[in-house]
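Student: Have a look at this one.
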Amino acid sequence: CDNLFGCLGLRSKKYCILNKQYTKEEYESLVPKIKKHMTDMPYIDKKGRSYGYGEFFPPELSTFGYNETQAQDYFPITKERALEMGYRWREKEEKEYKISMKAEDLPDNLDDVSDEIAKEIIGCLSHKKKGEDHCLGAFKITIDELNLYRYLKVPLPRYCFNCRHEKRLRKRNPLRLWHRICMCEKKNHGHDEKCQNGFETSFAPEKTEKVYCEDCYNKEVY
């Protein structure tokens, strides 16, 4: 595609505005007028902030709450802060269910698990911990999910989907860089010499992993 304005999901198209087809002449005449109108009459949100041509969409137009997006995963804020900034916030839904099995009672061996497990409502292992607001409280295991665990030969989960997602995020490196020195020890005439190359990395100095510069890493791997 080329020469599109405000379009979505088009393929091999040109001279379209809001997914509507125009001639080259119409397109080149309309687009400058639209841009000028967006600049002269910008959208004003409830906080009084102005959004003209070239700005991101106002947060209040989003159909998702801040805590439903990856923004909350990487840049967590409180509900009060989110509302103050003009974002939506999704309240936790109270669901009515009766837990039929505790997570700690799940069999460790998949050979001991029958398809009947799909009928159980399993209490999340994090449910009773304080501060676990993201926890769903309980979860179910579908037959397709169970078959996947059997295929991969991995045990059944003890946590709900939200808690599993939260635990995966905690294992990732933070969105921050530290200046480190290469930890590779080179052999030079029978003596060990440390590489002195410096670089930026998401691995903090207190982490146990060894970090190499690009040259040393490539020599080690290839």
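Student: Kindly indicate whether any position in region 53-73 is of a type in the set (A, V, I, L, M, F, W, C), closer than 30 Å to Arg164 by Cα and either open to solvent by 100 Å² or more (accessible area, probe 1.4 Å) or in contact (Cβ under 8 Å) with a residue 60 or more places away in the chain (or both).
Tutor: Within region 53-73, one or more residues are of a type in the set (A, V, I, L, M, F, W, C), closer than 30 Å to Arg164 by Cα and either open to solvent by 100 Å² or more (accessible area, probe 1.4 Å) or in contact (Cβ under 8 Å) with a residue 60 or more places away in the chain (or both).
Student: So which of Ser29, Ser12 ends up being of a type in the set (S, T, N, Q), open to solvent by 90 Å² or more (accessible area, probe 1.4 Å) and without any contact (Cβ under 8 Å) to a residue 12 or more places away in the chain? Reasoning before the result, please.
Tutor: Numbers: Ser29 fails: open to solvent by 90 Å² or more (accessible area, probe 1.4 Å).
Only one candidate qualifies: Ser12.
Student: Need the failing condition index for Arg90 against (1) open to solvent by less than 80 Å² (accessible area, probe 1.4 Å); (2) part of a loop (DSSP other than H, G, I, E, B); (3) closer than 30 Å to Leu61 by Cβ; (4) modelled with pLDDT of 90 or more, just the number.
Tutor: Among (1) open to solvent by less than 80 Å² (accessible area, probe 1.4 Å); (2) part of a loop (DSSP other than H, G, I, E, B); (3) closer than 30 Å to Leu61 by Cβ; (4) modelled with pLDDT of 90 or more, the lone unmet condition for Arg90 is (1).
Student: I'm told Lys46 meets every condition in (1) in a helix (DSSP H, G or I); (2) of a type in the set (D, E, K, R); (3) open to solvent by 80 Å² or more (accessible area, probe 1.4 Å) except one. Can you identify the failing condition by its number?
Tutor: That leaves (1) as the condition not met.
Student: Filtering region 149-171 down to residues that are of a type in the set (D, E, K, R) and over 23 Å from His127 (Cα atoms), which residue is most open to solvent (accessible area, probe 1.4 Å)? Spell out how you get there, then give the answer.
Tutor: So in region 149-171, the residues of a type in the set (D, E, K, R) come out as 150, 153, 158, 164, 166-168, 170-171.
With the extra rule that they be over 23 Å from His127 (Cα atoms), the set shrinks to 150, 153.
Working: Arg150: 83, Lys153: 165 Å².
Applying the filter and picking the extreme gives Lys153.
Student: Could you tell me which numbered condition Glu104 fails, if it satisfies all but one of (1) part of a loop (DSSP other than H, G, I, E, B); (2) in contact (Cβ under 8 Å) with a residue 40 or more places away in the chain?
Tutor: Evaluating Glu104 over (1) part of a loop (DSSP other than H, G, I, E, B); (2) in contact (Cβ under 8 Å) with a residue 40 or more places away in the chain leaves (1) as the failure.
Student: Next question, about the same structure. Asp115 - would you say it is open to solvent by 70 Å² or more (accessible area, probe 1.4 Å), out of contact with any helix residue (DSSP H, G or I) (no Cβ under 9 Å at 6 or more places or on another chain) and of a type outside the set (Phe, Trp, Tyr)? Show your work before the answer.
Tutor: Numbers: open to solvent by 70 Å² or more (accessible area, probe 1.4 Å): yes; out of contact with any helix residue (DSSP H, G or I) (no Cβ under 9 Å at 6 or more places or on another chain): no; of a type outside the set (Phe, Trp, Tyr): yes.
So Asp115 does not fit the description; no.
Student: Right, another one. Need at least 2 residues that are touching a Leu at 6+ places or on another chain (Cβ under 7 Å) per element, so show me which strands (runs of 3 or more DSSP E) inside region 146-222 make the cut, counting only ones lying wholly within it. Spell out how you get there, then give the answer.
Tutor: Numbers: elements: 178-181, 185-188, 191-194, 198-201.
Filter on region 146-222 gives 198-201.
Student: Taking the criterion of being within 29 Å of the chain's Cα centre (by Cα) and assigned to a helix (DSSP H, G or I), would at least one residue in region 7-18 satisfy it?
Tutor: Let us first name the residues in region 7-18 that are within 29 Å of the chain's Cα centre (by Cα), namely 7-11, 18.
Filter once more, keeping what is assigned to a helix (DSSP H, G or I): none.
Within region 7-18, none of the residues are within 29 Å of the chain's Cα centre (by Cα) and assigned to a helix (DSSP H, G or I).
Student: What number of residues within region 147-166 satisfy the criterion of being modelled with pLDDT under 90 and among the charged types (D, E, K, R)?
Tutor: Final tally of qualifying residues: 1.
The values are calculated or read from the model by the stated rules, or taken from the named source; none is laboratory data. The model shown is predicted, which means the values in this text are computed figures rather than measured ones. Because the Cβ atoms are built from the backbone with ideal geometry, glycine has one as well, and the counts that use them run over all protein chains shown. Note: accessible area is taken over every heavy atom of the protein model, side chains too, but ligands, DNA and RNA are not part of it. Shrake-Rupley method; radii C 1.70, N 1.55, O 1.52, S 1.80 Å.
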